[in-house]
Amino acid sequence: MRIALAATCIADAMFPQAPRATVQLLERLGHEVYFPEQQTCCGQMHVNTGYFDEAVPVIRNHVETFAPALDGEWDAIVVPSGSCTGSIRHQQAMVCRRAGQEKLGATAEALAAKTYELSELLVDVLGVTDVGAHFPHRVTYHPTCHSLRMIRVGDKPLQLLRAVDGIDLVELPGAESCCGFGGTFALKNSETSTAMLSDKMSNVKSTGAEVVTAGDYSCLMHIGGGLSKLRSGVRTMHLAEILASTQSAPTPVDVEAAPGRDSEAEAAR
Amino acid sequence: MSTFLGFPTRRGAKTLPDDGAHPGAPGTSAGPGWADDVPHPEAPLRWGATFPEAAKQALGNTQLRRNLAHATSTIRAKRAAVVGEVPDWEELRDAGSTIKAHVMSDLPRLLEELERNVTARGGVVHWARDAAEANQIVTDLVKATGETEVVKVKSMVTQEIGLNEALAEEGIAAFETDLAELIVQLADDMPSHILVPAIHRNRSEIREIFLERMGDAPPDLTDAPRELAMAARAHLRRKFLSAKVAISGANFAVADTGTLAVVESEGNGRMCLTLPETLITVMGIEKLIPTYQDLEVFMALLPRSSTGERMNPYTSLWTGVTPGDGPQEFHLVLLDNGRSKALADDVGRAALHCIRCSACLNVCPVYERVGGHAYGSVYPGPIGAVLTPQLTGSTGRSDPNNSLPYASTLCGACYDVCPVKIDIPSLLVHLRAREVDQDRGRPTAWGAAMKAASFVMARPGRFELAEKAGGVTRVLGGSKGRITSLPFPGSKWTDARDLPVLPKQSFREWWADEHAATETDPRGERRSSEAPDGGGSPSADRTDTETTGDAR
Amino acid sequence: MSARDDILARVRAAVINDGAHLGDAVAEQAPVSRGYRTTGEHSPGSAEAIEILVDRLVDYRAIVHRAATTADLARTVGELLADARSVVVPPALPAAWTSALTAGTAVVHDSRDDRRTAAELDQVDAVLTASRLAVADTGTIVLDGADDQGRRAITLVPDLHVCVVRTEHVVHTLPEAVTILAAHPTRPQTWISGPSATSDIELSRVEGVHGPRTLHVILLG
C-alpha cells in the first residue's frame, strides 16, 4: 500500500521519534511510505483556541499537500496522533465552511475519509494486530481523550500492544481520565491542569511500568514533562516506537536515551 | 456587608426575622465545624472572579477536593451501571437530541400551544423577559395571597434569578425543602452542583450546620446520613403541613397537553406540589417537549443520567388545576433571561437542549478537581461553561464569564454521557471563536501568537526555518536535555512540567537525510526505497542522531 | 410591548427567517429519530414482566406481596395494617379489600368532594390504594387520581402506603406505560419508584424522607 504520512507539526519539530518509528514500522510491514514535504500542521491548535480565521490558511496548506490522495497518488494518509486525526475528521471542513470556503471544506472532508490514525490504519485498513514487534518491558497505556472519544479507536492500540512479543502490559487505573493537557488549557488553567496531571502520574507510578505509551505526543509531552520533573524514572513513548521495536533493532527505554536529550555521558564528553 | 473578591454582597438582606433559624440564618460567620467561603454574589450568573482565579482557590480546599472526588466517583459508577443495562440507550439519546432540536426550531409555536393548554385547564401564564420581571411577578403573586412564607422545591431557574433574595427583600421567607438546598440555605452558602447542590459538604460539616442553624435539630445529632435526613424531615414537616403557597421549577412542560412535570426523590416536591393552595411554577422557555408521548424518552434518559437510578422515587405530573385535588390556584411563569439570545446562535442554541441532569459535571475531570463554585455561576461544570456565557452575553473584555469556554481540556467525557447529545466540546470551541471574532482589532498576546503561528504554518519553508530556530531550546536546556524553568508565561508550564529541548534533527531533516539518495517521484516527494530490513539499521540511525555531537 | 409579545418576537426572530420557519426545515430534514424500543419482549401481565417488576421493587426496598385472589389480598391487608390505628382510603376502593381489617383499624374516607386536611392526614397511620399501572423495567407504579387511587395528598402524608397493583396492569417498558397514560394525560399523576429517598449527603442513599417511609406493594392476580 502507498501511504502518505502526516507527521504532525509537534512530532516533526519536537518528537521526530514518533513519525520515524511510524515510517520504520510501515516499511517493515512492506508498505511504501511517502512524506509530502510541504506539510506543516492540521490547524487544530488554531481551531481549539478559537482562531478559526487563522486556521484556514493552515488547513488549506494541509489539504493542498494531501490532495493527491484523492487522485490515487496514495492509498491512505496516516497520522501518528489521535487529536490531529480528530481535527482533520471533525473540524477542518466545519472551519472552512464557516469561512465561506465551501470547496476547500468539501476537499477536506473527502481527504478526512482517507485519513487514519496509526492504530486505525494497522487494524482496520491493513488488517494486522501482530506487527512482529519485540519489546521486553513493563508498559502501561494511556488512551488519550481524542483517540478514545473523538475518533473512537477503542481497544485497537491495546490489541496491537498485546501482540507485542515480550511485553508486560499493565492496566492503567483511571485510564480514561484526561491528563490535563488540553492544549492551551495547560497554560490558561495551569493549576487545574497540574492537579489533573498529578493524579495521572500517581496512576502511572502505581503500575510500576517503565514506559507509559499513548497514540499522541502532545499528551505524552504533558505526562512526560511531569514525570521528568519528578525524576520518576518512567519514560514516555509513542505507540509507534514500541511497535517499531524489534529483537534486532530494539527501541531503547532509558529515560536519558530519549531522542532529543543529550545523555549525561555525552555532555561529559 | 461582606465582600466577595471586591463585589459587595447581599448577605445582610437575606436574613429575615423568623421564629426558626431557617431561612436566612442570623450571623455571617461560619460555625466551628464548616467552612463559609462562598458569600452570595450579586449576580447568580456572574459571581465576579474568573475561572482560573476561582479554580486556583478551590484547588487549595482539601475538604472540597476529598468530598468531590468521593461524590463524583460514586455517582459515575452508579450511572454507568444503570445506563449499561439499557439496550437502546443510544437510540433514546438520538430521540432526545432530535426532539430537543425540534423544540428549539419550533419554539414560538410550541410556547403558544403550551400557554393555550395551561390556560384552558385553569392555569394562569405569565411571561418574564428577565430575572427582575420574574421576581416581581412571583412577589406580587405571593403578596396577593397575603402570605409571608412560601415553601420551595429545588429549582435551578429560581437560583438563576435570585428569587429567594428578591422575596426576602419584600419580607417573604422562602423555605428550601430539598435536603441539599436546605443545607445550602442554612449555611448561607451557594449551590455547587445542579443535582446535589451541597456536594461540597461532607457529613460532619452538615451536622455542624444543622446544629448551629436549624433551630430544632436534636442536640445529640450524629453525622450518620440517616439521622441527618430524619432531622431535616422533622424540621420541614411542620412547614409542609401548614404552607399555603409553594414555588417550583419544572423539569418538563408538555406543549400538546399543558402538563408540567417535576422529577424528584425525597417527596418534598410532592409536598409542595400537592398540599398548598397556590402553586407558582417558574420555568425557562426552553424546557418544553412537544407531546405527552415524548415523556417516554425523557423519563428514560433523565433519572439514569442524573441520579444513576432506573427511575427516580417520585415524579409529579399536573395540568392546570384539578378540582378537589392539589393547589386550586396555579401560575406558570415563562422566563426568557437570555434564552432567546442563545436561541439566535445557530450553533450555541444546542446548549438549550440541556435537561439539567448533571451527568456532565460528574464525569468532568475539571469539575472533579475544582467543584462548582469555581464556575462563578449557578450553572457549573461543562454545561455551565457553555450555557452561562450565552445567557449573560459578554459585558466586554473584563467580563469574568469570558473565561468559562476555556475551563475545559476538550476531553469529550461530557459529550459521551449527555443524554441529549449536546456536543459540549464543539460548543466550547464555537464560543471561543465567537469571543476571538468579537475581540478582533484589539491586540492580545494570544492573538499575536496565533497569527504568527498561522503565518509560519501556512508555508512549509517558514515552518522549517522556525524548526531550525528552535535550536535555541537546546541552549535553554543545556546539558540536561530538558528545560526545567522558563520565565512567565512559560513558567505556567515549567512550574510542574519539564519541557524537552528540540531534537537536533527534526523529522523532516531525518527524512531528507534518509531518503535523499532515493528516487524523486514526479510530485517531488522523495520516497523510501529502503528494503524492509536492509540498508541502514533504524537503531543505528537512532544511535547516531542521539550520541553524535554534530550540530546541524 | 408586553413581555409576552416581546419574548415571542425574540424567539420568532431567532428561528423564523423571511417567513420560513426553521421548525419546518428541521422537521423535514432531521425528523425525530425514534429507533428505541416502544414495546418490550414480555407481554403485559406475563410472569416474566412481573418477575422483573418484583426485582426492581425489591431493589428499591419496597416490600412485595403476592395475592392470587381478593380474599388473599384482604388477608394480606389485614396483616400489614394490624398495628395501624387508622387507614385512609379513596372513594372507589373495592370494599372487599378492607374486609379483613381488625377492629382496631379505623377506616378514614377521603374524596375530592370530602377532603381530609393535611393535618388530619398527618394523624392517619396508613393509606391503601389501587394503581393505574406498573412498569417492570423501572419498578415504577403510577397513580393517576382515579377514584380507586384518590387525591394525591392521601398517598403522600401517611407514613405507610399499601398499594395494590393488578398483574394485568404490569407492562414491560416505559413507552407502553406512557401510551396507556396518554389516554388521560391531564389527570394528576404520581409516578412512584420505591419509597422516598435522598442521596444528598455524600451520595449516600437514605430511604424514607418526606413521602411514606414504607411502601408495601401487593400484586393481585
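Values for this structure:
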{"quantity": "13 Å beta-carbon shell around C:Asp55, net charge (K/R +1, D/E -1)", "calculated": "-2"}
{"quantity": "In the stretch A:149-218, the GluC sites (Glu not before Pro) that fall in loop regions by DSSP, at most 13 other Cβ within 10 Å", "calculated": "A:Glu171"}
{"quantity": "Angstrom value of the Kirkwood radius, inverse mean 1/r, which spans all Cα pairs in the stretch B:329-402", "calculated": "13.5 Å"}
{"quantity": "Two-site FRET efficiency, C:Arg85 against C:Arg61, from Cβ-Cβ distance with R₀ of 25 Å, rounded to 0.05", "calculated": "0.55"}
{"quantity": "5 angstrom amide H check on A:Tyr116, placed H, neighbours 5+ away", "calculated": "A:Ile77, A:Val78, A:Val79"}
{"quantity": "Summed side-chain charge close to B:Asn362 - residues other than B:Asn362 whose Cβ falls under 11 Å, Lys, Arg +1, Asp, Glu -1", "calculated": "+2"}
{"quantity": "Neighbourhood charge, 14 Å Cβ-Cβ cut-off, centred on B:Asn202 and excluding it, Lys, Arg +1 and Asp, Glu -1", "calculated": "-1"}
{"quantity": "Fraction of alpha-carbon pairs over 14 Å apart in the stretch B:91-168 - percent", "calculated": "74 percent"}
{"quantity": "Rg(Cα) / (2.2 N^0.38 Å) computed for the protein assembly as shown, rounded to two decimals", "calculated": "1.03"}
{"quantity": "For chain A, alpha-carbon Rg and Dmax in angstrom", "calculated": "18.2, 57"}
{"quantity": "Mean-position separation - Cα centroids, the stretch C:43-112 and the stretch A:214-250, in angstrom", "calculated": "65 Å"}
{"quantity": "All Cα pairs of the stretch B:382-499, percent lying beyond 21 Å", "calculated": "59 percent"}
{"quantity": "Cα-based equivalent ellipsoid of the stretch A:35-185: semi-axis lengths in Å, sorted from largest, via gyration tensor", "calculated": "31, 19, 11"}
{"quantity": "Mean projected area (nm²) of the alpha-carbon convex hull when chain B is viewed from all directions", "calculated": "32.2 nm²"}
{"quantity": "Pairwise centroid distance, computed over Cα atoms, of the stretch B:491-515 with the stretch C:148-221, Å", "calculated": "64 Å"}
{"quantity": "Distance between modelled label sites at B:Gln63 and A:Ser202, nm, 7 Å Cα→Cβ extension", "calculated": "2.0 nm"}
{"quantity": "Residue-averaged 222 nm ellipticity for chain B, from DSSP H runs of 4+ at -39500 (n - 2.57), nearest 500", "calculated": "-13500 deg cm²/dmol"}
{"quantity": "Free-standing Cys residues across chain B, given no other cysteine C-beta under 4.7 angstrom", "calculated": "B:Cys272, B:Cys354, B:Cys357, B:Cys364, B:Cys418"}
{"quantity": "Value of D in µm² per second that Stokes-Einstein yields for the stretch B:266-325, Kirkwood Rh from Cα pairs, at 4 °C (1.567 mPa s)", "calculated": "95 µm²/s"}
{"quantity": "Partners for B:Lys287 among aspartates and glutamates (Cα-Cα distance below 14 Å; same-chain residues under 8 apart left out)", "calculated": "B:Asp106, B:Glu112, B:Glu113, B:Glu115, B:Asp256, B:Asp336"}
{"quantity": "Simple label model, 7 Å out from Cα along Cβ direction - C:Ala96 to C:Asp122, nm", "calculated": "3.8 nm"}
{"quantity": "Alpha carbon centroid spacing (whole Å) that separates the stretch B:444-472 from the stretch A:1-60", "calculated": "16 Å"}
{"quantity": "DSSP bridge pairs, the protein assembly as shown: antiparallel proportion in percent, nearest 5", "calculated": "30 percent"}
{"quantity": "Prolate/oblate/rounded call for the stretch B:39-116, Cα gyration tensor, a/c under 1.5 rounded", "calculated": "oblate"}
{"quantity": "Table column - 3J(HN,Hα) (Hz), the stretch B:481-498, Karplus curve with 6.51, -1.76, 1.60, x for Gly and Pro", "calculated": "x, 8, 9, 9, 8, 10, x, 4, x, x, 4, 4, 7, 6, 4, 10, 9, 7"}
{"quantity": "Residue with peak Gaussian network fluctuation, chain A [Cα springs, cutoff 10 Å], from A:Phe35, A:Phe66, A:Phe15", "calculated": "A:Phe35"}
{"quantity": "Bridge type composition, the stretch B:3-340 - antiparallel percent by DSSP, nearest 5", "calculated": "35 percent"}
{"quantity": "Most mobile of C:Ala25, C:Ala47, C:Ala95 in a GNM of chain C (Cα contacts under 10 Å)", "calculated": "C:Ala25"}
{"quantity": "Label-point gap, in nm, between B:Glu91 and A:Ala99 - each point 7 angstrom along Cα→Cβ", "calculated": "4.2 nm"}
{"quantity": "Greater than 22 Å apart at Cα, pairs in B:Lys100/B:Lys341; A:Lys188/B:Lys451; A:Lys200/A:Lys229; B:Lys56/B:Lys152; B:Lys56/B:Lys480", "calculated": "B:Lys56/B:Lys152; B:Lys56/B:Lys480"}
{"quantity": "Gain in span if fully extended, C:Ala13 to C:Ala103, counting 0.36 nm per residue against the direct Cα distance", "calculated": "25.6 nm"}
{"quantity": "Radius of gyration and Dmax over the Cα atoms of the stretch C:40-220, both given in Å", "calculated": "15.7, 46"}
{"quantity": "Highest-MSF residue in chain A out of A:Ser245, A:Ser202, A:Ser119 [GNM, Cα springs under 10 Å]", "calculated": "A:Ser202"}
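Any read-out appearing in this document is the output of simple, stated calculations on the displayed coordinates, not a laboratory observation. These numbers come from a predicted model, not from an experiment. Here Cβ is always computed from backbone atoms with ideal geometry, including for glycine, and neighbour counts include all displayed protein chains.
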